[in-house]
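Every number in this text was worked out from the coordinates using simple rules, so none of it is lab data. Keep in mind that this is a model prediction, so the values were computed, not measured. Note: ideal-geometry Cβ built from the backbone for every residue, glycine included; neighbour counts use all protein chains shown.
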Amino acid sequence: MLDFQTLAMFSLACLALTATPGPDMLLIGSRSIAQGRTAGFATLAGIQVGTYCHALAAAFGLSQLFLLVPIAYDVVRYVGAAYLLYLAWQAFTSKNVISSVPQESLRFSAIVMFRQGLLTNLLNPKMALFVLALFPQFVRADAGGVAFQIMTLATILNAIGLLVNGMVILAMSRVGATMFGRGGLGRWPQYLLGTVFGALALRMAFESKR
């Protein structure tokens, strides 16, 4: 079992990282503005499940593939960018106005948002390298199984992420309700999402490992 000092240091590192605006916060915030807190939390849930998947990959050495086979990193990066461009295209061309989604379709929409958050996270090789670089620094040889320690660290990261991004979701959903609540702005929420997806796609496509 990891000691309190190690857990406290890791928690502070996670708080600093999650509180710094980045692609995940931008995606979650834009979802919350355009589609409300249900979409925001569903997207966050998908991202956090993706974090567990990256942690498992690190625990079993699969993330080393990106270091040993550089082309694997680029393949995943370009697939991820293509997926984000597809989401941008969907947002720009959808005939349905986001703010007028019927109540009975919210459950289906939440599943879609969860899946999109999950795939966006899984197809981001930088997340795999981030986990591979950060987590081993807090793993102790005398603290039990490595896989268990890494999953514990992933749980702490997700818990802090839920706290920080949860506040972002609640705040941005209120902003969205004020801006788009009456449906008077038509397709602007979709244009906002499309722009965010497009920007994230370009960032992923042209950003190096560093």
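Kindly point out which whole DSSP H helices in the chain project their C-alpha atoms 15 angstrom or further along the helix axis while averaging a Kyte-Doolittle hydropathy of -0.5 or above.
Span-like helices in the chain: 4-19, 23-35, 37-59, 70-93, 106-122, 146-180, 188-206.
Around Ala171, what is the net charge, scoring Lys/Arg as +1 and Asp/Glu as -1 over all other residues with Cβ under 14 Å from its Cβ?
With Lys, Arg at +1 and Asp, Glu at -1, the neighbours total +3.
To the nearest 500 deg cm²/dmol, what mean residue ellipticity at 222 nm is calculated for the chain from DSSP H runs of n ≥ 4 alone, each contributing -39,500 (n - 2.57), summed and divided by the residues?
-26000 deg cm²/dmol
Please report the relative contact order for region 27-206, taking Cα pairs under 8 Å with a sequence separation of at least 6, and give it as a percent rounded to a whole number.
The value is 48 percent.
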